[in-house]
There are 2 protein chains.
Amino acid sequence: MRASDRAYAALRDDIIEWRLLPGTVLAEVEQSERLGISRTPLREALSRLTAEGLTTTAGSRGVVVTDISLEDIDELFELRETLEGKAAALAAERGDPATFEQLRLELLQAPELINGGGPGLHAYYELAGRLDAAIDAAISNSYLAQAMRSLRVHLVRVRRLAADDARRLTAAAAEHAAIAEAIAAGNPRLAEAATTVHLHRSLSHVKVTHTPH
Amino acid sequence: MRASDRAYAALRDDIIEWRLLPGTVLAEVEQSERLGISRTPLREALSRLTAEGLTTTAGSRGVVVTDISLEDIDELFELRETLEGKAAALAAERGDPATFEQLRLELLQAPELINGGGPGLHAYYELAGRLDAAIDAAISNSYLAQAMRSLRVHLVRVRRLAADDARRLTAAAAEHAAIAEAIAAGNPRLAEAATTVHLHRSLSHVKVTHTPH
DNA sequence: ACGCTCCTCAGTGTATACACAGACGGCAGT
DNA sequence: ACTGCCGTCTGTGTATACACTGAGGAGCGT
């Protein structure tokens with residue numbers, strides 16, 4: 001693996017996991033020494049991060065970690081609703097029903113995973129990821145998939161803010177199952193509506209757990 | 001201006017204007033010599049182009065100019081309809097009616113510009129750009145605006161394929177005026193519908209002029 | 001003659017040296 | 001004491017040298 005890839009992955013993780021807080025300046029020499037590489041691959045990594053919006057170039061002060069405010073979260077979810085709603089509708093039109101029926105059945109079992117503790121929790125996140133991947137594959141639209149991928153980077157960052165308690169995750173699993181069911185049934189409007197409902201509930205949850213900080 | 005900026009702008013133009021055809025390999029040494037800069041800023045430029053999707057890294061063969069097929073155009077417009085429809089609806093909710101009423105009035109005069117020849121044509125394109133910018137500003141959602149910007153790069157490339165005759169441009173101006181009117185009237189659903197209609201007509205025009213090649 | 005192996009070389013990946021611009025602090029003048 | 005100017009210095013922008021990998025061809029062996 002290239003040094004620039006490692007630097008990119010390391011910095012991306014540090015930002016997403018909030019080890020590098022918003023406003024932190026990422027000086028080239030400092031970071032290149034920290035990561036044990038030279039400035040050239042580091043610049044490549046910073047360039048990619050900036051393209052994704054995780055960092056911004058602040059004039060001649062180098063690049064700084066982008067801030068995420070509450071208004072940003074609203075905007076983020078507004079775009080997310082648009083893209084994922086469309087994606088769910090397209091998946092209902094073009095996807096393979098059997099795939100989503102299978103996912104629906106697995107999602108119905110999710111509460112057991114969630115209440116099962118650590119490894120079960122990880123298994124649930126993996127299952128939710130499989131649903132996302134299945135939708136991505138079903139829409140057969142690389143531009144839309146690309147737009148959703150670039151959005152998910154920011155979403156993971158937001159998700160780290162909210163404490164994902166078991167109650168919310170159980171409800172989310174049921175909402176995911178409803179989406180999978182609508183897609184499996186080949187009902188685009190229902191799939192879009194189910195996605196809208198799910199995203200609004202997620203946003204409410206994030207806001208409730210985050211505002212009293 | 002930085003050398004990497006110039007390299008980026010030059011390569012971007014070359015790709016958009018089809019002087020660099022899809023499949024062309026952009027070797028670092030070759031391009032850096034052609035543009036009269038060193039490899040370091042060129043790599044930065046190529047990195048940005050790849051992030052935008054205008055080029056892709058093909059293993060160890062360097063980066064190649066991305067291809068655009070007819071299916072890509074369908075996918076492109078599918079995403080564009082989603083994003084610009086939502087943007088128009090948001091603009092109708094949040095935008096300043098006077099701004100769009102003014103744009104509508106100007107767009108009604110557009111046929112005279114279009115039939116006026118060269119400079120008038122340029123003035124029309126500038127006017128259409130002003131409508132896009134006004135919508136961008138009105139939605140007050142940086143993530144959505146960012147997604148639309150990254151999409152427009154590819155759209156410009158497609159537009160170069162289609163011969164924009166006066167008849168199509170006149171019709172497009174009327175469609176733009178309808179969008180501006182709906183936004184000025186504060187009617188989100190109408191604004192979205194007008195956008196959908198406009199994009200479908202644009203897509204049909206591109207396909208008709210391009211397929212018999 | 002065909003195939004395998006090794007060599008060469010083109011091209012990217014990385015490191016580092018140099019250039020230059022912006023900022024901060026000190027010093028002097030008022 | 002305050003303000004304006006200049007020097008220094010940190011940090012990015014650029015160029016270039018070196019390293020390494022992968023591909024292609026030539027040569028030798030069978």
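Ranking B:M1, A:M148 from most to least accessible surface, computed with a 1.4 Å probe over the protein chains only, gives B:M1, A:M148. Using a/c under 1.5 as the rounded threshold, could you call the range B:57-198 rounded, prolate or oblate? The axes a ≥ b ≥ c are square roots of the C-alpha gyration tensor eigenvalues, and prolate needs a/b larger than b/c, oblate otherwise. Because a/c hits 1.5 or more and a/b fails to exceed b/c, the range B:57-198 counts as oblate. Helices meeting the span-like rule in chain A (full DSSP H runs, Cα extent of at least 15 Å along the helix axis, mean Kyte-Doolittle score of 0.0 or higher): A:97-108, A:118-139, A:142-159, A:166-184. At the residue level, B:K207 shows approximately 70 square angstrom of accessible surface with a 1.4 angstrom probe and all protein chains present.
In whole angstrom, note down how far apart the Cα centers of the range A:10-63 and the range B:1-80 are. Here the answer is 24 Å between Cα centres. Which net charge results when you count Lys and Arg as +1 and Asp and Glu as -1 among the other residues whose beta-carbon is under 9 Å from that of B:Y143? The answer is -2. Each other copy holds its own label point for A:A171; taking that point as 7 Å from Cα along Cα to Cβ, the gaps run 4.9 nm, nearest first. For the range B:84-184, a crude dipole built from +1 on the beta carbon of Lys and Arg and -1 on the beta carbon of Asp and Glu, taken about the Cα centre, is about 460 debye to the nearest 20.
Using r as the Cβ-Cβ distance of B:W18 and A:A185, and R0 as 60 Å, what FRET efficiency do you calculate, to the nearest 0.05? Efficiency for this residue pair is about 0.85. When only Cα pairs below 8 angstrom with a gap of at least 6 residues are kept, the range A:85-192 shows a relative contact order of 57 percent.
Inter-label distance, A:E71 to B:E71: 4.2 nm, where each label sits 7 Å from its Cα along the C-beta direction. Per-residue surface analysis assigns B:H122 an accessible area of about 130 Å², computed on protein heavy atoms at 1.4 Å probe radius. Over the protein assembly as shown, one equal point on each Cα, no solvent: what is log10 I(q)/I(0) by the Debye formula at q = 0.14 Å⁻¹? After summing over all Cα pairs, the log10 values are -1.48. Enclosing the Cα atoms of the range A:46-120 in their convex hull gives a volume equal to 186 cubic angstrom per residue. Dipole size of the range A:3-65 about its Cα centre, with +1 on Lys/Arg Cβ and -1 on Asp/Glu Cβ: approximately 100 debye, rounded to the nearest 20.
Note on A:R43: accessible area is roughly 90 Å² with a 1.4 Å probe, heavy atoms of protein only. A compact globular protein would have a Cα radius of gyration near 2.2 N^0.38 Å; the ratio found for the range A:113-155 is 1.41. With a 10 Å cut-off around each Cβ of B:77-83, the average count of Cβ atoms from other chains is 5.
What does the charge count around A:E181 come to, taking other residues whose C-beta lies under 10 Å from its C-beta (Lys +1, Arg +1, Asp -1, Glu -1)?
Numbers: positive: A:R104; negative: A:E101.
Neighbourhood net charge equals 0.
Using a cut-off of 21 Å between alpha-carbon atoms, which lysines can reach B:K86, once sequence neighbours fewer than 8 places away in the same chain are excluded? Cross-link targets: A:K86. Taking all protein chains together, B:Y124, A:Y125, A:Y143 sort by accessible area into A:Y125, A:Y143, B:Y124, largest first [probe 1.4 Å]. Across identical copies of the chain, B:R61 has label-point separations of 4.5 nm, listed in ascending order, with the point defined 7 angstrom from Cα along Cα→Cβ. Chain B residue nearest the rotation axis toward A, with distance: B:A51, 2 (Cβ to axis, whole Å). Its DSSP H runs of at least 4 residues, each contributing -39,500 (n - 2.57), put the calculated 222 nm mean residue ellipticity of chain A at -25000 deg cm²/dmol, to the nearest 500.
For B:A123, the label point sits 7 Å beyond Cα toward Cβ; its separations from the matching points on the remaining copies run 7.0 nm, from shortest to longest. Mean partner shielding of peptide A:138-147, defined as the number of other chain Cβ atoms within 10 Å of each residue Cβ, is 5. Taking a straight Cα-Cα cut-off under 16 Å and skipping sequence neighbours fewer than 8 places away in the same chain, no lysines fall within cross-link reach of A:K207.
For the pair B:A133 and A:H200, label points projected 7 Å from Cα toward Cβ lie 3.7 nm apart. Distance between the 7 Å Cα→Cβ label points at A:R61 and A:L108: 5.6 nm. For the range B:42-74, the residues whose backbone nitrogen is under 12 Å from a point 7 Å from the Cα of A:D5, taken along Cα to Cβ, are B:59-60.
The values are calculated or read from the model by the stated rules, or taken from the named source; none is laboratory data. Here the structure is a predicted model, which is why all the values come from computation and not from measurement. Cβ coordinates were reconstructed from backbone atoms using ideal geometry, including for glycine residues, and neighbour counts include every protein chain displayed. In case anyone asks, the SASA skips ligands and DNA or RNA and just uses the protein heavy atoms, side chains included. Shrake-Rupley method; radii C 1.70, N 1.55, O 1.52, S 1.80 Å.
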